[in-house]
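Written out below as structure tokens is the structure these notes cover.
Values in this text are rule-based calculations from the coordinates and carry no lab data. In this text, all values refer to a predicted model and were calculated from it rather than measured experimentally. Cβ coordinates were reconstructed from backbone atoms using ideal geometry, including for glycine residues, and neighbour counts include every protein chain displayed.
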């Protein structure tokens, strides 16, 4: 268990990586960084050439990529006072004489393809085992911050997912006693857009029931008045709000909008009770009739 903890600590703190980096003199590190970057770029070029249909040249570049990666590792090993043990690395199977290094693309055989894949894997292995050959102190610091930040981001996302699962989906569904026509249905009041509205028939009182799924304690109820643009001919004046749970009224609120406005503001009512339904009854209106653009709960 202690070994696992130490590996996790090293993954975050990168103390060993920093120590290995500062074990290489700056002048030599500049050289190993250049050689290591050259190895990586040759590997990338080899992959691009292979995909483009030039396997012979791709294989040559892959060979160079591995040799450069080995060179950077050998230089760093000498600087640290210890030669790199090449024998400890997995061996690359040599090509047989008939399949030697291909001169032209037509000479490439399946054995060459296998060696190409092995060379790419070897260069990647050498680079991953010794990132200090290319990274400087600032880059190591950024890597550490990125790892810590990444883990925190994942943790926060996981907390959000768990909270959402615990709370369940928060949905609003609306049903009205009446509507002006099919263009102004009750669903418009809970669609999150203030450009759509639920409207009652002309000069008619009525109500809208907003079902809260799942039922929960509500802090506030927010209402946005209708305006019926571009006609600008209807809006709610006086309204009554009942908060219900299981069909029983648990709290009632009264309010009104002061005047018709082409740019209405929200009316916010304190709730503070658990409810599964918000019923808004429109008792009077401005101009031709009442309605609401939005009903929201918090």
* Which whole-number percent gives the relative contact order of the stretch 171-297, counting Cα pairs below 8 Å spaced six or more residues apart? -> 36
* Asked: When all alpha-carbon pairs of the stretch 139-269 are counted, what percent fall beyond 17 Å?
  -> 69
* Of the peptides 275-284, 17-26, 246-255, 193-202, how do they stack up when ordered by the mean number of other Cβ atoms within 10 Å, highest first? -> 275-284, 193-202, 17-26, 246-255
* **Full-extension gain in nm, residue 146 to residue 113, via 0.36 nm per residue minus C-alpha separation** => 8.3 nm
* With runs of 4+ DSSP H residues as the only contributors, calculate the mean residue ellipticity of the chain at 222 nm using -39,500 (n - 2.57) per run, divided by the residue total and rounded to the nearest 500. => -14500 deg cm²/dmol
* For residue 258 and residue 57 in one chain, what is 0.36 nm times their gap in residues minus the Cα-Cα distance, to one decimal in nm? -> 64.4 nm
* Can you give the angle from 0 to 90° between the axis of helix 2-13 and the longest principal axis of the chain, with both taken from C-alpha atoms, to the nearest 10? -> 80
* Compute the acute angle (0 to 90°) between the alpha-carbon long axis of helix 55-79 and the principal axis of greatest extent of the alpha-carbon atoms of the chain; round to the nearest 10°. => 80
* To the nearest 10 degrees, how steep is helix 110-129 against the longest Cα principal axis of the chain, on a 0 to 90 scale? -> 70
* Asked: To the nearest 0.05, what FRET efficiency results for residue 233 and residue 155 with a Förster distance of 51 Å applied to their C-beta separation?
  -> 0.45
* Structure fact -> Hull surface over four for the Cα convex hull of the chain, reported in nm², is 28.2
* To do: With an 8 Å cut-off on Cα pairs and a minimum separation of 6 or more residues, tell me the relative contact order of the chain in percent.
  => 16
